[in-house]
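Heads up: the structure comes next, in structure tokens.
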Amino acid sequence: MRFPNYKQSLTMDVMLQMAVRVSIVIIVVSALTYWHIYKTLVSSTIDGLEHYIQERGQRESGIFKLAESNHQIFRATYLAHWQQDFFYNDAFFWHVFERRSDQTIRLQKKAYDGYFNHSGLISKDVTAYIGANAPIENNAFRKKLLLAYTMVDHFGVAWTRQFANLYVSMPENVNIVYWPGVRWADNATSKLNVLSEEWVYITTRQNNPERKSVWTGLYYDPTALEWMVSLETPIDITPTNTLNIGHDILLNALFERVFNDHLSGTYNFIFREDGRLIAHPAKIKEMNRTRGMLMISQLKDTQLHHYFQTLQSNIKNKQKDYFIVESDDEFLAVSKIDGPGWWFVTVYPKSLLSSPSLKAAKFILIVSLFALVIELIMLYLVMMKKVVGPLETFMDASSAIEGQRYEKITGNVLPLPDHLDNEIGKLAKLFKSMSGSLQHFRSDMQRLTHSLEDQVKVRTRELQRAKDKAEKEATIDSLTQIPNRHSFYNRAKAMVQQADHAGEPLCFLMLDIDFFKIINDTYGHPQGDQVLVACARTIENTIREKDLLGRLGGEEFAVVLPNTSLEEARVIAERIRVRIAELSFYTTQRTQSFHTTISIGISCAAETIYAYELLYKHADLALYEAKQSGRNLVITYSGNATPQEDVADS
């Protein structure tokens, strides 16, 4: 099997076009796959984030809600005991309290170390500080102190399993603390003023006119070495007689969860609505340096600023305590931590979604391209077997037909695939049939040539006898002033013979004015003569000086084109046809114009055809075909049974 030049190969052209088109489809499909997977992941991720952030907010809010619940229980219990005239025992008061040398009142050390109280239970881990200026002589004040101590001792044991401590502060510069492991009051100096502490002054009527539970800001306790926040709840016995319940909530465990308990590829942080940063895995140093008083506005972090501004506007318009905001490159899942008014944020980068989407799209692209390569290889093999092979056989068959070696096809020297039932098989059958017809036609033409040669010889003798008579006849047509039939014949024959001797090409044109009889019948013979003269002049002006024009009779003309190829003859004939069609004629009174057309038949001398009569006959056959095909046509006699049509205009 021959392999054609790739640049001219049908197989390579088909494969290249297919590869380009399928590659475009693959790229589009891969892009759509990426888009679909990404959108699906976005939708499912948002749903998952909503559940996650809602659950996370509820989980982180638990300790703060529990603290608020504890305070409500403590306040209700304290007021109930106070209103039921809590039994005050002055001896018991001084049994647990004592006056120190610095004039402050403290709990005795046994209150921290442990002793059996009146109920037979052990009381311990409680310290108290009462400033030197406190009204200790006031019986109601001592009753308030003793009830506060008793309740701190009672509730502290249970509540400090979740909280660092339980304490009660009073505006009389008092703080009673249950804090296992920390002797808070024993370490306090006599000059301590608890009223200057945030966890006390935020409960005053000036700062808390609504008298509700309030949370302090984040701060670091150097004694406990812990980050913490405090809940303070006022208890108003009377408008002027108050005290405050306090819980310190240790936040190291919360921070540990914020920093380490996160979705893969994400991170969390907490901020307060006023812009105070509570916890951030990348801002630990800054928070330690500012002791928890770090504002987002103080940081040179444009991304964090952008997050805060985006979330702040959404918080103001929020419908729920949790929501999701889509930023440029991230999803921000936000949930409120009930209690201190904090907001828990999970930053979910979009790259976590685009990366798997891109990987899936790349995988599909690679697999599709690999499949395309395999398909192209299979296509190549199929094309070579089913298309290229038969086409090469047809090319050999066409060369045989061109060289008139028809027997190679009819004799199956070239095995055409005529056994196939598809289009290739039909084409093979047609090739064989055409070759057989051409072979028979060549035989017929050879016989016809011999016959014509005999006829030419006879005709030559007849012409010789008529020579004298022909010479006496006029050689010029009186109307058109071009050679008449007799003169044209003699000169044309001589030109044919000369071309035959010189081996030069020669073409013969037969021209006939279309519907000439109708012109005569419609406009009169004078107008018909006008048409004949105009057509003769037009033809004469169109052909070359070496060409021979003659009128054969009536509306019929002929032209001999010496040393002219078939293609040149077609050009000249077509030029004549067009110029005749462009002529305009008028009636005698010039009241009406009309046009005419001309039909032309062409024959050309061939290797075995250099006879005027045969050229004449072939041209006449072509002319007849032009007439039959609708007129105003140029038809070439090609040697087949049916002349070849060159111009389809009519």
If you go through the stretch 512-522 one residue at a time, how many are more than 21 Å from Leu621 (Cα to Cα) and either under 60 Å from the mean Cα position of the chain (by Cα) or open to solvent by less than 60 Å² (accessible area, probe 1.4 Å) (or both)?
2
Scan the stretch 50-68 and give yes if some residue there is free of Cβ contacts under 8 Å to residues at least 12 places away in the same chain and either within 24 Å of the chain's Cα centre (by Cα) or not in a helix (DSSP H, G or I) (or both), otherwise no.
no
If Leu299 satisfies all but one of (1) touching a residue at least 40 places away in the same chain (Cβ under 8 Å); (2) open to solvent by less than 50 Å² (accessible area, probe 1.4 Å); (3) over 22 Å from Asp221 (Cα atoms), what's the number of the condition it fails?
(1)
Restricting attention to the stretch 92-99, does a residue exist that is out of contact with any Phe, Trp or Tyr (no Cβ under 8 Å at 6 or more places or on another chain), free of Cβ contacts under 8 Å to residues at least 24 places away in the same chain, open to solvent by less than 80 Å² (accessible area, probe 1.4 Å) and not in a helix (DSSP H, G or I)?
yes
Test set (1) assigned to a loop (DSSP other than H, G, I, E, B); (2) surrounded by fewer than 17 Cβ atoms within 10 Å (Cβ to Cβ) - Gly339 fails condition number
(2)
Is at least one residue of the stretch 531-551 touching a residue at least 12 places away in the same chain (Cβ under 8 Å), in contact with a strand residue (DSSP E or B) (Cβ under 7 Å, 6 or more places away or on another chain), under 21 Å from Tyr489 (Cα atoms) and among the β-branched types (Val, Ile, Thr)?
yes
Where residues in the stretch 625-650 are at pLDDT below 50 and either in a strand (DSSP E or B) or not aliphatic (A, V, I, L, M) (or both), which of them is least open to solvent (accessible area, probe 1.4 Å)?
Pro643
In the set Ser603, Ser584, Ser593, the lone residue that is touching a Phe, Trp or Tyr at 6+ places or on another chain (Cβ under 9 Å) and surrounded by 15 or more Cβ atoms within 10 Å (Cβ to Cβ) is Ser603
Name the residue that is modelled with the lowest pLDDT, counting only residues in the stretch 266-290 that are open to solvent by 40 Å² or more (accessible area, probe 1.4 Å) and touching a Pro at 6+ places or on another chain (Cβ under 8 Å).
Arg272
Failed condition for Leu294, given (1) in contact with an Asp or Glu (Cβ under 6 Å, 6 or more places away or on another chain); (2) closer than 21 Å to Gln54 by Cβ, with all others met?
(2)
Any residue in the stretch 259-280 that is touching a Leu at 6+ places or on another chain (Cβ under 7 Å) and on the phi > 0 side of the Ramachandran plot?
yes
Only one residue in Glu172, Glu256, Glu226, Glu198 is modelled with pLDDT under 90, among the charged types (D, E, K, R) and closer than 21 Å to Ala134 by Cα. Which one?
Glu198
Could you please tell me which pairs satisfy a Cβ distance under 7 Å, a separation of 6+ or placement on different chains, a first residue in the stretch 196-224 that is assigned to a loop (DSSP other than H, G, I, E, B), and a second residue that is at pLDDT 90 or above and open to solvent by 90 Å² or more (accessible area, probe 1.4 Å)?
Asn207/Tyr201
From the list Leu243, Leu263, Leu231, Leu254, exactly one residue is part of a strand (DSSP E or B), within 21 Å of Ile337 (Cα to Cα) and open to solvent by less than 70 Å² (accessible area, probe 1.4 Å). Which is it?
Leu231
Determine, yes or no, whether Arg161 is open to solvent by 10 Å² or more (accessible area, probe 1.4 Å), among the charged types (D, E, K, R) and part of a loop (DSSP other than H, G, I, E, B).
yes
A careful count of residues in the stretch 117-134 that are open to solvent by 60 Å² or more (accessible area, probe 1.4 Å) and at pLDDT 90 or above gives 3
I'd like to verify a number: residues in the stretch 396-441 that are part of a helix (DSSP H, G or I), among the hydrophobic types (A, V, I, L, M, F, W, C) and open to solvent by less than 50 Å² (accessible area, probe 1.4 Å), how many?
8
Sort out which residues of the stretch 106-135 are touching a residue at least 40 places away in the same chain (Cβ under 8 Å) and in a strand (DSSP E or B), and write them in order of number.
Arg106, Leu107, Val126, Thr127, Ala128, Tyr129, Ile130
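The values are calculated or read from the model by the stated rules, or taken from the named source; none is laboratory data. Predicted, not measured: the structure shown is a model, and the values here were computed from it. Heads up, the Cβs are rebuilt from the backbone with ideal geometry, glycines too, and the neighbour counts pull from every protein chain shown. Just the protein is used for accessible areas: all its heavy atoms, side chains included, with ligands, DNA and RNA removed. Shrake-Rupley method; radii C 1.70, N 1.55, O 1.52, S 1.80 Å.
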